[in-house]
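S.K.: The structure follows.
The values are calculated or read from the model by the stated rules, or taken from the named source; none is laboratory data. Quick caveat: nothing in here was measured; it's all calculated off a predicted structure. No Cβ is skipped: glycine too gets one built from the backbone with ideal geometry, and neighbour counts run over all protein chains shown.
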Protein chains: 2
Amino acid sequence: MTKSLEPVSQHQPNVIEDRIIYAALSGYIAPGERLGEKELSEIFNVSRTLVREAMIRLQARGIVEVMSRRGWFVIEPTVEEARDTINARRALEVGMIATLDKVTPEKIAILRQHVQAEEQALAEDDRARRSYLLGHFHVCLAETIGNPVLGSILQDLTTRTVLIAALYQSTHDAHESCAEHSQIIDALEANDATEAARLMDEHLRHVEKALNYREGASRMENLKAALRTGPAL
Amino acid sequence: MTKSLEPVSQHQPNVIEDRIIYAALSGYIAPGERLGEKELSEIFNVSRTLVREAMIRLQARGIVEVMSRRGWFVIEPTVEEARDTINARRALEVGMIATLDKVTPEKIAILRQHVQAEEQALAEDDRARRSYLLGHFHVCLAETIGNPVLGSILQDLTTRTVLIAALYQSTHDAHESCAEHSQIIDALEANDATEAARLMDEHLRHVEKALNYREGASRMENLKAALRTGPAL
DNA sequence: AAATTATTTCTTGCATACAAGGAAAAAATG
DNA sequence: CATTTTTTCCTTGTATGCAAGAAATAATTT
């Protein structure tokens, strides 16, 4: 971005956060990336104050962290934090489906439409959109068959999961993910909550299993590994 | 409080929020209560900036909300928001127990100890401590048999539930709550996750059922009801 | 030349100043 | 006296200034 955007004011209080979360879900922003207050204040054409407030909100949501007088950084979860996050998602999403009442055809339609969009992004090989949609499916599900509270919690957890997947170089196949989403909807449509819950449990286990917990623990770890040995002269 | 506290600095970054949450859980702070920036800055002996940052974090956590140029207020959830919050808790806590692996005796001991503290507060009729502990049980459970991510989500949800209970004048008996907590631990100890999940589901349904959704929708509603008719002269 | 020290630069931490707007009080008006 | 209008006060919204400290650079020393 070369030109600064319109100033962000109280009428759109969360633009900065929303943009950052969107960018993270789309893979435009990587874990460990530095988000300078001045930098962002120029991009969004506001003072550091508003940027800082946005960063504080993102920090409370577990998306960024601050290092004293060094700057704000997109989270780089440890292996343990990554596990905890995905386990929390499993508990929440499985519980959500299990404690559910009937899913109306209208809701099924919304979900199907979402998966259709996923398929389109896959067909067009639009990686950013694909990443965004695959993550956002879970938010969409929570908002559709659940409620706004569940939706907002899942927004944060999925964003973190996408960052975790980027950090630990997930090998999870996008087609597979999309197919699993579709199967979950099938089970919901058949009003088989038990099966839907089981599929969701499995799906999230796949997501975790696809993570390569060995490499890419952090930029530091990466570097260390890269410098472990010299050139073979 | 007449005397201002020690200044809060970067070494204890969350003191203000922690105190407010503690006060809410203990019933010292009611829904709708105004939390002025200046007021708090005098109490904690810091500038408005730090108070404001704390309020922004609390806002992100769904504990307070801001009305433009009027002030910060402890949330007064609507009936719908109240339902959504409790349903989210049900999904999360039931799912957490259901997707669980074995609970060690050490963890059982921690939970038993917590219930014991609840019983003591009940015996001593210490209402603030009672309220705090009954709410905190769920956080403790999430941290013990779950993980920190689950714990922090549940911290916020239970705080909101306690505020909801205050707003809608919950008639839920504290003894009953405590007994139900104990039963849940029994089931966990017996490694009967299904039963534990069922008990938790039931427990949270009781919590919701005890709410009086008619009255006390908000201070405004309360007032309106109170002024509906004049004195019988 | 290598290692150490000093300096400069850049970033956040925090306080403060002032603007914008809502609420209450005071004044004016019918 | 009741009602409207004006004014004042008070609260948050936002920008800015300066301090504290980390990192990078330059200078010095050995």
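S.K.: Kindly provide the set of residues from region B:28-49 that are of a type in the set (Ser, Thr, Tyr) and not in a loop (DSSP other than H, G, I, E, B), ordered by number.
M.R.: If the condition is that a residue be of a type in the set (Ser, Thr, Tyr) and not in a loop (DSSP other than H, G, I, E, B), then B:SER41, B:THR49 are the ones that fit.
S.K.: Moving to a separate point now. Identify, please: which residue in region B:58-72 is near DNA strand D (Cβ under 9 Å from one of its atoms) and in a strand (DSSP E or B) and is, among those, nearest to B:TYR22 (Cα to Cα)?
M.R.: B:TRP72
S.K.: Filter region B:116-131 down to the residues that are out of contact with any Gly (no Cβ under 8 Å at 6 or more places or on another chain) and either among the small types (Gly, Ala, Ser) or crowded, with 22+ Cβ neighbours inside 10 Å (or both) and list them by number.
M.R.: Hits for region B:116-131 are B:ALA117, B:GLU118, B:ALA121, B:ALA123, B:ARG130.
S.K.: Right, something else. Determine which member of the set A:GLU118, A:GLU53 is more than 16 Å from DNA strand D (Cβ to nearest atom), assigned to a helix (DSSP H, G or I) and closer than 27 Å to A:GLU33 by Cβ. Lay out the reasoning, then the answer.
M.R.: Details: A:GLU53 fails: more than 16 Å from DNA strand D (Cβ to nearest atom).
Being more than 16 Å from DNA strand D (Cβ to nearest atom), assigned to a helix (DSSP H, G or I) and closer than 27 Å to A:GLU33 by Cβ holds for just one of A:GLU118, A:GLU53, which is A:GLU118.
S.K.: B:ARG89: over 19 Å from A:ARG57 (Cα atoms), within 23 Å of the chain's Cα centre (by Cα) and either modelled with pLDDT under 95 or surrounded by fewer than 17 Cβ atoms within 10 Å (Cβ to Cβ) (or both), yes or no?
M.R.: no
S.K.: Within region A:20-42, restricting attention to residues that are within 13 Å of DNA strand D (Cβ to nearest atom) and not basic (Lys, Arg), which residue is surrounded by the most Cβ atoms within 10 Å (Cβ to Cβ)?
M.R.: Of everything passing the filter in region A:20-42, A:LEU40 is surrounded by the most Cβ atoms within 10 Å (Cβ to Cβ).
Okay, residues lined up against (1) within 16 Å of DNA strand C (Cβ to nearest atom); (2) in contact with an Asp or Glu (Cβ under 9 Å, 6 or more places away or on another chain); (3) among the polar types (S, T, N, Q):
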site: B:ILE29; (1), (2), (3): no, no, no
site: B:GLY32; (1), (2), (3): yes, yes, no
site: B:LEU40; (1), (2), (3): yes, no, no
site: B:GLN59; (1), (2), (3): no, yes, yes
site: B:ARG69; (1), (2), (3): yes, no, no
site: B:THR104; (1), (2), (3): no, no, yes
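S.K.: Follow-up question, since we're still on this one. So B:GLY71 fits all but one of (1) touching a residue at least 12 places away in the same chain (Cβ under 8 Å); (2) surrounded by 22 or more Cβ atoms within 10 Å (Cβ to Cβ); what number is the exception?
M.R.: Against the list (1) touching a residue at least 12 places away in the same chain (Cβ under 8 Å); (2) surrounded by 22 or more Cβ atoms within 10 Å (Cβ to Cβ), B:GLY71 comes up short only on (2).
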